[in-house]
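Asker: Okay, here's the structure, questions in a sec.
Every read-out reported here was derived from the displayed coordinates using simple, explicitly stated rules and does not represent laboratory data. What you are looking at is a predicted structure, and each value in this text was computed from that prediction instead of being measured. Glycine also receives a Cβ, built like all others from the backbone with ideal geometry; neighbour counts cover every protein chain displayed.
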Amino acid sequence: MKTKLLLSSLLAVLLLDGCQSGSTEKNSANPTPPPSASHKPGNDNPDKGSPDNGKPDNGNPDEGNRDNGNQTPPPVTLQASGWYMRTTVEATAPDGKVYVHKTAGVFGALKDSEAGKDKHDINAFGKAALYVVFPQTDWGENNGDYFSDYRTYNPNSTGRQVWTFQVKNNVVRDGQWNLIDLRDATFTLALKGPFKVYKKKDGLGYDEVKDPNSALKNMIHLVDVDNDREYGYGEFQNEHFSMENRAARTFRWVIGSVSSEDYKDLPAPANVQDIAPASVKEEVKPAGKFGLPPAP
């Protein structure tokens, strides 16, 4: 049990490190330096910035692992504990300013995850103007927006899988937040990964390795629910979408063949948890439960 909690906590560090800032405005004149690639258990100051940690597109693992700065891929005989991909969005406002959200939008499968809500499904939070979230409408009292959505990992499964996500602009919440209005913005979508996740031999952490030869890239499709359009992996990354004067645009990632069900509108949930305005330190991390990285 202790080992699983440690693994889960480290996975949460990867998924949510930097999420407190939500979306960021690009500044080409003063680019943010790349974050360190290391974070150890007990480090109360996790690295800020993108959890992608600058993974190269050539399929090599991060430059340095989370322990000693010299990561090597896990042995090929080691069975993966799961996989994940990350959805990123870059929006351009009518005034030309660019906003990016790249710290959430995570979906995948893990051995200790479930089809419904589990400890790896992290509620959305923060005050950013731009988000990528997974709206859950059939989780009962747990309905709402999530930064991550994991299913059960079965390496032998070849069945269809579908994740509904939204690009969301939180202009006003309960009449209290007057944020940047991106309802007339254009935006692009991209996928980071897939990444395979491996437990370390000592069971006290994990390794992740980019999988450039994954069959997922040939199987995944993007469905624009609002416009009844479908894109293959090599198509959507070159597409410029519009917010169409909406506060939220709805899409689906489909692994496998696309069906007519994938074009249906998102049903209205009975209970909805809005994106929480809480700070990570004070309100988001539940005491004694699996949660976010240690508060700074």
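Asker: At R0 = 41 Å, how high is the FRET efficiency between Thr158 and Asp95 if r is their beta carbon distance? Nearest 0.05 is fine.
Answerer: That gives a FRET efficiency of 0.30.
Asker: Could you tell me the relative contact order of the stretch 209-273? Use alpha-carbon pairs under 8 Å, at least six residues apart, and round to a whole percent. Don't skip to the answer; put the middle values down first.
Answerer: Working: 61 pairs, mean separation 25.0, N = 65.
Computed over the stretch 209-273, the figure is 39 percent.
Asker: In this model, which of Lys127/Lys264; Lys119/Lys264; Lys119/Lys210; Lys168/Lys210; Lys119/Lys200 are farther than 26 Å apart at the alpha-carbon?
Answerer: Over 26 Å Cα-Cα: Lys127/Lys264; Lys119/Lys264; Lys168/Lys210.
Asker: For Ala247, what residues show an amide H to amide H distance below 5 Å, using hydrogens built from the backbone and excluding near sequence neighbours?
Answerer: For Ala247, whose amide H was placed from the backbone, there are no distant partners under 5 Å.
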